[in-house]
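What follows is one structure encoded as structure tokens, with my remarks underneath.
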Amino acid sequence: MDVLSLIGIILGFIAIIGGNFLEGGHLSALLNGPAALIVVGGTLAAALIQSPMSAFKRALQNVRWILFPPRVDMAGGIDRVVNWSLVARKEGLLGLETVADSEPDNYARKGLQLLVDGAEPEAIRSILEVDFYTQETRDIQAAKVFECMGGYAPTIGIIGAVMGLIHVMGNLADPSQLGNGIAVAFVATIYGVASANLVLLPVANKLKAIAHRQSAYREMLLEGILSIAEGENPRSIELKLQGFMD
């Protein structure tokens, strides 16, 4: 579990609710069904219009990464590549066939299979780069779904506030209702701005960071596999791949 994300989510809500309480407000003042419907429904509608279905579905799948990100063990990956190079050095590239069959990572398994099949380094690079860029593009597009929602939410919140004020202006004959009505109207703005800056935009940026880290891992595997194909010394491969470490 990503503890920092969990702490951030909890701290964000504590800051908003706690600040409201210290200002003398009540939790009930921040609860407004129509405002939530306008902001959530409007933001979701805008995202659906902008995003392809594939990107939207992937965004829903990847959102779990905020608390449970995929494990990327760069140091362990480097050790695996070095072990592959040792096997290839002792037994030849055909010796990697057993390693490829037991490899759980699809990307690494494809690269190892290309080595076993005797593909040229340029062919290996071309094939693996297609997988590399395609996967990265899909994950970035999924993150942009939340990014676009973070851009729309504050504006939808303002629309909700204006709609609320229109309703208030219709009750000018009853001054006792104005203060409460205006306060309720601006709850929509709070929903829009808070959801964008505490949830949607941070989620988008976190998903992008995870996607870039996964891409760095795949790039490391690609360079390692190419180095094996070119017959480089295992020690040289290890030193080269250590440049990918944070």
Radius of gyration and Dmax over the Cα atoms of segment 72-196, both given in Å
29.1, 91
In whole Å, what are the Cα extents of segment 1-107 along the three principal axes, biggest one first?
74, 35, 16
For segment 114-164, convex hull of alpha carbons as volume per residue, Å³
58 Å³
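Taking the square root of 5 times each eigenvalue of the Cα gyration tensor, what semi-axes in Å does the equivalent ellipsoid of segment 21-63 have, largest first?
32, 13, 7
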Below 8 Å, C-alpha to C-alpha, sequence gap of six or more: please give me the relative contact order for segment 63-120 in percent.
25 percent
Counting only residues 5 or more places away or on other chains, whose amide H sits under 5 Å from the amide H of Asp2 once H atoms are built in the peptide plane?
Phe68
Contour minus Cα-Cα span, Leu4 to Asp117, at 0.36 nm per residue, comes to 36.3 nm
Which whole-Hz ³J(HN,Hα) couplings does segment 87-97 yield from phi under the Karplus relation 6.51 cos²θ - 1.76 cosθ + 1.60, θ = phi - 60°, glycine and proline marked x?
4, 5, 5, 7, 10, x, 4, 5, x, 7, 4
What length, rounded to one decimal in nm, is gained on full extension from Tyr133 through to Asp105, with 0.36 nm per residue of separation minus their alpha-carbon distance?
8.4 nm
With each pseudo-label sitting 7 Å past Cα toward Cβ, what's the Ile49-Ile182 distance in nm, one decimal?
3.1 nm
Checking segment 39-127 for trypsin sites (Lys or Arg not before Pro) in a loop per DSSP with at most 11 other beta-carbon atoms within 10 Å yields Arg71
Residue-normalised 222 nm signal for the chain, counting each DSSP H run of n ≥ 4 as -39,500 (n - 2.57), nearest 500 deg cm²/dmol, is -25500 deg cm²/dmol
The alpha-carbon pair-distance distribution computed for the chain, with 10 angstrom bins and whole-percent values, is 7, 23, 23, 17, 13, 9, 6, 2, 1, 0
For the chain, the longest principal axis of the Cα atoms and the Cα long axis of helix 33-50 enclose an angle in degrees, to the nearest 10, of 40 degrees
One computes Rg over Rh for segment 207-246 from alpha-carbon atoms, with the Kirkwood Rh, and obtains 1.07
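Values in this text are rule-based calculations from the coordinates and carry no lab data. Quick caveat: nothing in here was measured; it's all calculated off a predicted structure. Please note: Cβ atoms are built from the backbone with ideal geometry, for glycine as well, and neighbour counts cover all protein chains shown.
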